[in-house]
Structures are given as structure tokens and as C-alpha cells.
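The values are calculated or read from the model by the stated rules, or taken from the named source; none is laboratory data. Remember, it's a predicted structure, so these values are computed and weren't measured experimentally. With ideal geometry, Cβ positions are generated from the backbone for all residues, glycine too; neighbour counts draw on all protein chains shown. Heavy atoms of the whole protein, side chains included, go into the accessibility calculation; ligands, DNA and RNA do not. Shrake-Rupley method; radii C 1.70, N 1.55, O 1.52, S 1.80 Å.
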Amino acid sequence: MQKTEQCSVFCIFWISKKNHIKERKKERGILMDTSKFRTRQEFRTLINPKGKDFIIGLDAGYSGTKTFFESGCGTFPTYARKIDEMLYLTDENDIVYRDDDTGEMYLIGYAAQNMVDDIDTNDTDGELFSRKRYGSKLFHVACEAAIGKTVLQKNDNRKIVIQTGLPASYMADTPSLVNSLSGSKNFSLKIGSAPWKKVTYDVKKEDIFVMPQPTGAMYSVLIKNDGKYIPEAKNILTGNILVFDIGFGTFDFFGIKNRAVVCRESLDMIGMREVLQSISKKINEDLGEDIRVTALQKNLETGKIVCIGEDNDGNLVSEEKSIVPYLEAANKEVLFEAMEKAKSVTNQFRGYKHLIIGGGTGEAWYDGISKKLSGLSTLKIYPSNINDRLPFIYSNARGYYMYRYMVSKK
């Protein structure tokens, strides 16, 4: 056999083998990293333009609370559990909030989610995902912990200014949100194994600004890391722009044509929450395990579901099942539903030249949306992280920060 023939045979064999391995991996759920669908918890150090005030971009989402400020950004799941006493064995993922006026303590984020049993029914969807959540203790604890973690890195007397946002059609809730965030705060935080740190700050109502949430993603695309507009900013803004901000609880649309806002919609049943609810329903129907949305976060991390039952002799037995098939099916169904809604809301994207896709769910769906819209040659699609390459979840908070920084310069 000639050398070239040997090479060809080897190549064919190798490609066939790779495809076989790929199929086997797909069967075992290896190709889908389910942990990427879990709400993140992390803190990053960055160098951002510094304003005359201490600016905080705050994105208080239903799944994650995100902050962006002059020296970094951070996020953790918007979830807290009240605890009676401090745990002696600490974990690097621990975020503990202590109300120094009442002594109450709350575990926040990953560690709180990991406390939830699969069949736990203590948290209702109404409490966790309600539009009118501004007065709930969970909302206060999450926002104050996020702001407090940021304020701990403030080392001067500049006043605190907060730029935040609301879903596009929820702007009437602005006074309630401002009331919730403003005033004097007095609490302590414990992060991981670090000692307790006292946090006190005061934010006046006139120093809290609220914009439609999708405009955060828009300004994140329009403003570079140095706090200056990109060269194409004017063309984009005057060229009929549409923003998809797809988060956990809402799918927000924000459209501008001829410099006028022509579309401002919020669909509260299209997002990762609906994906997880669909997964929960499918698991219950197929396996008989009733796992709430909050408890599913742990399963996304491991990629497994633990089923417990009895054998013929009445002995307890457990079995691990992959969550991948349920996630893939639910994600595909909700994405299809989302695009059908999008076509209806935008009149099949007529007149739009630019589309910005943001939000954590927007990142998960970016390729799918781009593929479905690939036939629209007149539409240019931008990821919301085009300037910073951070995960999409930070784009709103980054846009809030950069916008408020530019306004403060003027």
C-alpha cells in the first residue's frame, strides 16, 4: 500500500473514531456542561474609569444579583436562608449577612442554595420571583450584601451613587425600588473564612437612578472600557436598534426607531425560569421526583438527579440519572417559544438594523437566536459583551456603570 493510501485510510479511520467517541460522549451527556446553566457566584478585579462619585452599577436580577464598580464586578445567586447560628466549618462560597440591629443572620448565594433539599417547599415561586418583591427581606439582604461587598472596597469620602434598572415595562415600580435601596444601612458581612466586616453606608433617594433594564446592555455595547463611546455609536443609535435582554425571569424587548422608543415589552414567562420549571415538570412526570426550581440549581452543578425509592423487599435504593436530556428538551422548547414571541412583538424584525442580545439566558441562546435570524441579511447582531468579553450577565450592570460615569463627567 502506498504512503498516501495509508494516510487516507488512517485519516478515515481516525475521523470515524472521533465521530464515534463524540456520539458516545453525547449519549453520556458529556458534551453539554450543565453547570454553565447554574447561576454564577464570583468576584472579579477590574480597572474601570473612576468617577467623581463612587458609582455602583446594580443589577438585582431574579436569579443573580450583579454589581459593577470602578475596581471590579461580582455576582451571586439571589437567594438567602435564615440561619440560627454561625457555622464553624466555613467554605469559600459562604456569604453570611448579619443584621447588626436585630442580630438575624442569613446565608446567601451558592451555600444557601446548597441547603435546599430536592423536595423542599419552604420557598414559594410567588415570594422568590414576584414583581413586587421590593419589601421582602430576601430582596433587601441580597441587595445590601452586594452593595456592601462593593462599599468595603471604597477608601474615600465620595458619596455613593447607584445606577440600576427595571424590566422595560416595570418602570412604574421605580419609587418602590428607590425606597428599598435608599437610606442608612447597618450590617456585617462574612465572606468565606475571612473575619466579619462591619458595613455602614447611606444612600439618598436622589442618588439612585433607574433606567429600563435592556438599555444597560445597549450602553455596554456603545461604551468602551475607557468610558468613551465606540466610533460606531451614533450610527447604531440612529440606525434603528433592538435589544433583547433575556434573563431568568423576563424576556425584555427595547426598540428604538428614528431616535424614538417604539417597543418596550417584558414577557415574564420566557427565560431560564421557564426552562427550569419545564425541567422540573419533565422530571416529575418521568421519574416521580418533585424538584423545585431553587433546588434544581444543585442538580445543574452536578449534572445528576438522585432518585430514591424502594426495591421489591422494601429496602431503600438510590440511582443517579442525568439531567442533560431534560435540560436539552426544555431549553429547545422554550427557545422556540421565545423566538415565536419575538417575531410577534417586533413585527418580524421589520425596520431594525441592529440587534443586541444580553442577559444570562441570552448568552445560552445566542448561537440559537443567531442561527434562526441568519437569513436576515439586513440585521447585524451584537453580543452584549462585545467590549469586555465578560459573561453576558454583567452587561446590564456594566452599562449602568458606564452610562452613569459618562453623565457624571458632564
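Yes or no: the range 297-314 includes at least one residue that is in contact (Cβ under 8 Å) with a residue 40 or more places away in the chain, open to solvent by 10 Å² or more (accessible area, probe 1.4 Å) and over 26 Å from Y79 (Cβ atoms).
No: zero hits.
Pairs, please: C-beta under 9 Å, at least 6 apart or cross-chain, first residue in a loop (DSSP other than H, G, I, E, B) and in the range 223-248, second open to solvent by 30 Å² or more (accessible area, probe 1.4 Å) and of a type in the set (A, V, I, L, M, F, W, C)?
Within 9 Å, the pairs are N225/L46; N225/I47; I230/I386; N240/V262; G247/I393.
Is there any pair with a first residue in the range 321-348 that is surrounded by fewer than 19 Cβ atoms within 10 Å (Cβ to Cβ) and a second that is at pLDDT below 95 and of a type in the set (D, E) whose Cβ atoms are under 6 Å apart and which are 6 or more apart or on different chains, and what are they?
V345/E265
Look through the range 161-200, keep the residues that are aromatic (F, W, Y) and under 26 Å from the mean Cα position of the chain (by Cα), and return whichever of them is least open to solvent (accessible area, probe 1.4 Å). So that I can check it myself, show each step before the final result.
Taking the range 161-200 as the starting set, the residues that turn out to be aromatic (F, W, Y) are 170, 187, 196.
With under 26 Å from the mean Cα position of the chain (by Cα) added as a condition, the list becomes 170, 187.
Details: Y170: 19, F187: 0 Å².
Filtering first and then ranking leaves F187.
Among the candidates Y382, Y366, single out the residue that is within 20 Å of the chain's Cα centre (by Cα) and touching a residue at least 40 places away in the same chain (Cβ under 8 Å). Full working, then the answer.
Details: Y366 fails: touching a residue at least 40 places away in the same chain (Cβ under 8 Å).
Just one listed residue meets the conditions, Y382.
For the range 271-291, how many residues meet the condition of being closer than 24 Å to V345 by Cα, open to solvent by 30 Å² or more (accessible area, probe 1.4 Å) and small (G, A, S)?
0
If we keep just the residues of the range 118-150 that are within 18 Å of the chain's Cα centre (by Cα) and small (G, A, S), which is modelled with the lowest pLDDT?
Filtering the range 118-150 for residues that are within 18 Å of the chain's Cα centre (by Cα) and small (G, A, S), the one modelled with the lowest pLDDT comes out as S130.
Working only within the range 88-117, note down all residues that are within 18 Å of the chain's Cα centre (by Cα) and free of Cβ contacts under 8 Å to residues at least 40 places away in the same chain.
Listed by number, the residues that qualify are I108, A111, A112.
Can I256 be described as touching a residue at least 12 places away in the same chain (Cβ under 8 Å) and either buried (at least 23 other Cβ atoms within 10 Å of the Cβ) or closer than 30 Å to S318 by Cα (or both)?
Working: touching a residue at least 12 places away in the same chain (Cβ under 8 Å): yes; either buried (at least 23 other Cβ atoms within 10 Å of the Cβ) or closer than 30 Å to S318 by Cα (or both): no.
The answer is no for I256.
Looking at D268 and the list (1) touching a Gly at 6+ places or on another chain (Cβ under 9 Å); (2) open to solvent by 50 Å² or more (accessible area, probe 1.4 Å); (3) over 19 Å from K332 (Cα atoms), which single condition is not satisfied?
Looking at each condition in turn, D268 falls short on (3).
Tell me whether the range 389-403 contains one or more residues that are open to solvent by 20 Å² or more (accessible area, probe 1.4 Å), assigned to a loop (DSSP other than H, G, I, E, B) and either in contact with a strand residue (DSSP E or B) (Cβ under 7 Å, 6 or more places away or on another chain) or closer than 18 Å to F254 by Cα (or both).
Initially, the range 389-403 is screened for residues open to solvent by 20 Å² or more (accessible area, probe 1.4 Å), giving 389, 393, 403.
When the remaining residues are screened for being assigned to a loop (DSSP other than H, G, I, E, B), the result is 389.
With the extra rule that they be either in contact with a strand residue (DSSP E or B) (Cβ under 7 Å, 6 or more places away or on another chain) or closer than 18 Å to F254 by Cα (or both), the set shrinks to none.
Scanning the range 389-403, I find no residue that is open to solvent by 20 Å² or more (accessible area, probe 1.4 Å), assigned to a loop (DSSP other than H, G, I, E, B) and either in contact with a strand residue (DSSP E or B) (Cβ under 7 Å, 6 or more places away or on another chain) or closer than 18 Å to F254 by Cα (or both), so the answer is no.
Is the range 19-30 home to any residue that is modelled with pLDDT under 95 and closer than 30 Å to I160 by Cβ? Spell out the reasoning first.
Within the range 19-30, the subset modelled with pLDDT under 95 is 19-30.
Now narrow it down to the ones that are closer than 30 Å to I160 by Cβ: none.
There is no residue in the range 19-30 that is modelled with pLDDT under 95 and closer than 30 Å to I160 by Cβ.
Answer with yes or no whether Y219 is crowded, with 17+ Cβ neighbours inside 10 Å and in a strand (DSSP E or B).
Details: crowded, with 17+ Cβ neighbours inside 10 Å: yes; in a strand (DSSP E or B): no.
Spelling it out, it is not the case that Y219 is crowded, with 17+ Cβ neighbours inside 10 Å and in a strand (DSSP E or B).
Which one of A111, A80 is modelled with pLDDT under 95, hydrophobic (A, V, I, L, M, F, W, C) and farther than 17 Å from I147 by Cβ?
Numbers: A80 fails: farther than 17 Å from I147 by Cβ.
Criteria check complete, one pass: A111.
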